[in-house]
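Student: A single structure is presented below for examination.
The values are calculated or read from the model by the stated rules, or taken from the named source; none is laboratory data. Note that the structure is a prediction, hence the values are computed from the model and not measured. Every residue, glycine as well, gets a Cβ built from its backbone with ideal geometry; the counts of neighbours run over all protein chains shown.
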Amino acid sequence: MTGANGRAEKLRARQEEAHRQHALRREVEARARARLPIRATPPEHVVLRLGPTNSGKTHDGLEFLLAQAGHGLRGTYAAPLRMLARQAYERLRERVRPERLGLVTGEERINPEADILCCTAESARTSGDVLVIDEAHWLADPERGPAWTRLLLSGSHRYVQITAAPEAAPLLGAAFAQARRLDVVRHHRSAELTSAPAMGPTGLPAGSAVIAFSRKAVLALHREIIDHGRTATVLYGAMPPAARREQIRRLVAGEVEVIVTTDVIGHGVNLPLRAVAFAETGKFDGGRRRPLRLWEAAQIAGRAGRRGHGAGDGLVAVYRSGVSGFSPDADLVRAAVHVANGAPSDLLLARARLRPAWHDLGDPRPGEIPHALNGWYQAARDERPLHSWLDPAPVDSLLEMWQVARASVGVRGAVDAAWPGDGLTVWRLMNLPMDPGGAFGRIASAVLNAGSLRTLTLPEPAVSRLDLEDAERYAATMRDLRTAAQSFGAIGGVDPAETAAGEEAASARIVDLVAGRGPLVKAPACLSCGASCAPWLERCDGCHGGRAGRRRAVSLRDAGRGAVRGSAEGD
């Protein structure tokens, strides 16, 4: 009887705890509100600069910023990518005194209080005289769009100039319906693109970009081009900023003929390209491998035709590789040329994306944050009929960061579980611009539990001996530490200057490897038979279908996904 009573008591206690936790979740969800950011005062004048790539939109926006700065006004240039913000900074540095110009991204802070600031949208000032927003069609992107939307809605700038694809006009018009004056300027390409016949390694003209969508594919194509006696370099998202800038410099200076790159160049990164050749027209988008959308292909194709300081004719083609696995769609590439020349695209920009700010969540404790996010999301969906051009953005990536932070401090899953930090600190960690893998778990532990990060650093001689992949990984770790230090100060016993030096050493190692005479990787070959193989697979189709392939089908599938995942390489 005693045993039965004990079991009944335990069951009753579990049920009571489950009811209590459920009540807590409902109470936390009810505190969240979907409050829209409100602009303090409508801008005096908004100019929408709409047009395809290579049509002078960004140039005119920067010229306006410079002109207003000449009258003593403070201005901000906001870009979607760190590389694009840095590129604008370099352009303006030729015409602006150093003390008046600044740069702020997730990894760099140079003179952040300057009169003219170049930055990513997430780092943009929400007040000032002038705001220039580049590539504003990103506001419909589920992950990056919320930063743009909040900047558009809550900024208090007097003069706003926005560059975007033509399809963004209705959405941007709705966002600035209260502007005192709204003008639309239509831009056109300064030179037509031309569809060219397929190009191989020896047929690429000097000043060509070959496009692929994973690191492994880029490195395999680089090897092929080098093996055919051409000079080439590479550009992809895993490269640290300093190494990327050096590869761009080498192409601009004519030290190499070809740059093999991911779609990192597709969002306003300007290179002096005679031709763009697509080795792939499909990419992994985080969930599946899919064909490029027409507007995505057009964004990349439009990088052709930039020679020196003026625009020239640009050639666009498919790239015929001798490496297995590449089968670009020539029809898609030809259609992309028409869109880049001004034809309508398939870009749909029905709604902007919005995410919550901390004050929208009802000041939750760390364990309550997922339920506060759920409450906000439901409230935002209820608000949609009142704001037809706004949509709540997915919060999955935020929840993944929360889960890693929770695991880093060993907290159990109860709503009211005690954490070693407060809710706002955990929220700030969740919003750091870094991948939830890598060093993030260690960084979260260092911030919340005063853990050490010393074991993540290497002496410079050791960095100089790393291979390419390890150097990329080390640069990313140092960059994450430096990003965290910008928000939380020196953490884990690692000085921010030390992380900057570590990233610089890793970048130098990558530059040395990329500039070397030998190929960066071995030719992709099947692990079973040694035959030529797609660079994102371990075995050829024949071996993959045999007994050895069947034994490892799941692991190969995962390996293929992992190889391509690094390509989403927007930045």
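Student: Given the range 223-314, what strands (runs of 3 or more DSSP E) lie entirely inside it while holding 3 or more residues that are in contact (Cβ under 8 Å) with a residue 12 or more places away in the chain?
Tutor: Of the strands (runs of 3 or more DSSP E) lying wholly inside the range 223-314, those with at least 3 residues that are in contact (Cβ under 8 Å) with a residue 12 or more places away in the chain span 232-235, 258-261, 275-278, 282-284.
Student: May I ask you to say which residue of L399, L373, L390 is within 30 Å of A168 (Cβ to Cβ), surrounded by fewer than 18 Cβ atoms within 10 Å (Cβ to Cβ) and touching a helix residue (DSSP H, G or I) at 6+ places or on another chain (Cβ under 9 Å)? Working first, answer last.
Tutor: Details: L373 fails: surrounded by fewer than 18 Cβ atoms within 10 Å (Cβ to Cβ); L390 fails: surrounded by fewer than 18 Cβ atoms within 10 Å (Cβ to Cβ).
After applying the criteria, what remains is L399.
This table checks each residue for (1) in a strand (DSSP E or B); (2) touching a residue at least 24 places away in the same chain (Cβ under 8 Å); (3) within 16 Å of A124 (Cα to Cα).
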| site | (1), (2), (3) |
| --- | --- |
| S55 | no, yes, no |
| H59 | no, no, no |
| L84 | no, yes, yes |
| Y89 | no, yes, yes |
| E99 | no, no, no |
| G106 | no, yes, yes |
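Student: Out of R249, R223, R215, which single residue is within 27 Å of L332 (Cα to Cα), out of contact with any strand residue (DSSP E or B) (no Cβ under 7 Å at 6 or more places or on another chain), surrounded by fewer than 23 Cβ atoms within 10 Å (Cβ to Cβ) and outside the structural domain of Q87 (by TED's automatic domain parsing)?
Tutor: One residue alone meets the criteria, R223.
Student: Just need a number here: residues in the range 443-455 that are surrounded by fewer than 21 Cβ atoms within 10 Å (Cβ to Cβ) and either farther than 14 Å from G492 by Cβ or under 24 Å from the mean Cα position of the chain (by Cα) (or both).
Tutor: Here the count works out to 0.
Student: State whether the residues of the range 473-487 include one that is of a type in the set (S, T, Y), within 19 Å of E246 (Cα to Cα), surrounded by 14 or more Cβ atoms within 10 Å (Cβ to Cβ) and modelled with pLDDT of 95 or more.
Tutor: Yes, the conditions are met somewhere in the range 473-487.
Each row is one residue, and each column tells you yes or no for (1) modelled with pLDDT of 95 or more; (2) under 30 Å from L349 (Cα atoms); (3) not in a helix (DSSP H, G or I).
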{"position": "A372", "(1), (2), (3)": "yes, yes, no"}
{"position": "R406", "(1), (2), (3)": "yes, no, no"}
{"position": "G421", "(1), (2), (3)": "no, no, yes"}
{"position": "T425", "(1), (2), (3)": "yes, no, no"}
{"position": "D435", "(1), (2), (3)": "no, yes, yes"}
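Student: Do you know which residues across the range 280-320 are at pLDDT 95 or above, surrounded by fewer than 24 Cβ atoms within 10 Å (Cβ to Cβ) and under 20 Å from Y236 (Cα atoms)?
Tutor: T281
Student: Quick one: would you say S127 is of a type outside the set (A, V, I, L, M), closer than 30 Å to D480 by Cβ, buried (at least 20 other Cβ atoms within 10 Å of the Cβ) and out of contact with any helix residue (DSSP H, G or I) (no Cβ under 6 Å at 6 or more places or on another chain)?
Tutor: In short, no.
Student: Same structure, new question: Quick check on the range 383-390. Is at least one of its residues at pLDDT 95 or above, under 22 Å from A147 (Cβ atoms) and in a helix (DSSP H, G or I)?
Tutor: Checked against the condition, which is being at pLDDT 95 or above, under 22 Å from A147 (Cβ atoms) and in a helix (DSSP H, G or I), the range 383-390 yields no hits at all.
Student: Since Q21 meets every condition but one in (1) outside the structural domain of S154 (by TED's automatic domain parsing); (2) under 27 Å from the mean Cα position of the chain (by Cα), which condition does it not meet?
Tutor: Unmet condition: (2).
Student: What single numbered condition from (1) in contact (Cβ under 8 Å) with a residue 40 or more places away in the chain; (2) of a type outside the set (G, A, S); (3) farther than 28 Å from E122 by Cβ fails to hold for D331?
Tutor: In the conditions (1) in contact (Cβ under 8 Å) with a residue 40 or more places away in the chain; (2) of a type outside the set (G, A, S); (3) farther than 28 Å from E122 by Cβ, D331 misses (1) alone.
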